[in-house]
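Down below is the structure, laid out as structure tokens.
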């Protein structure tokens, strides 16, 4: 009898617009940013980002890469929901929010620099 060469089942990922919008919202909350501050830091137009969070579309590759470059998140997180490559602090803050907590630190989202924002090296300025 021949052996089965079936691939092991991969975890199911939710990739629809509502799931992506939810992950963008969770990420912004974990970063403790308002939409306006996130948009200033990434160069994404505020109305565009708002549409993504309001489930009126999904980020194009250029927009998603701006988020990745600014905050160290991954395309796998944005589009597939895989937390595997997220910075530890962001992943922990997202988990805390999902459990009903407030995410990183205390207080309200701020327009100030995010606690997890990737710092550009002096060589890239």
(message) Against the condition more than 19 Å from residue 14 (Cβ to Cβ) and either at pLDDT 95 or above or surrounded by 13 or more Cβ atoms within 10 Å (Cβ to Cβ) (or both), how does residue 109 come out, does it pass?
(response) yes
(message) I want to confirm something. Restricting to region 48-70 and keeping residues that are touching a residue at least 40 places away in the same chain (Cβ under 8 Å) and either under 13 Å from residue 25 (Cα atoms) or touching a strand residue (DSSP E or B) at 6+ places or on another chain (Cβ under 9 Å) (or both), which single residue is surrounded by the most Cβ atoms within 10 Å (Cβ to Cβ)?
(response) 67
(request) Restricting attention to region 27-36, report how many residues are assigned to a helix (DSSP H, G or I) and surrounded by 19 or more Cβ atoms within 10 Å (Cβ to Cβ). (result) 3
(message) Between 13, 48, 42, 27, which is within 21 Å of residue 65 (Cβ to Cβ), at pLDDT below 95 and in contact with a helix residue (DSSP H, G or I) (Cβ under 9 Å, 6 or more places away or on another chain)?
(response) 13
(message) Among (1) free of Cβ contacts under 8 Å to residues at least 40 places away in the same chain; (2) over 21 Å from residue 76 (Cα atoms); (3) buried (at least 18 other Cβ atoms within 10 Å of the Cβ), there is one condition residue 45 misses while meeting the rest; what is its number?
(response) (3)
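The values are calculated or read from the model by the stated rules, or taken from the named source; none is laboratory data. On a predicted model such as this, the values are computed, not experimentally measured, just so you know. Here the Cβ is made from the backbone with ideal geometry for all residues, glycine too, and neighbour counts use every protein chain on show.
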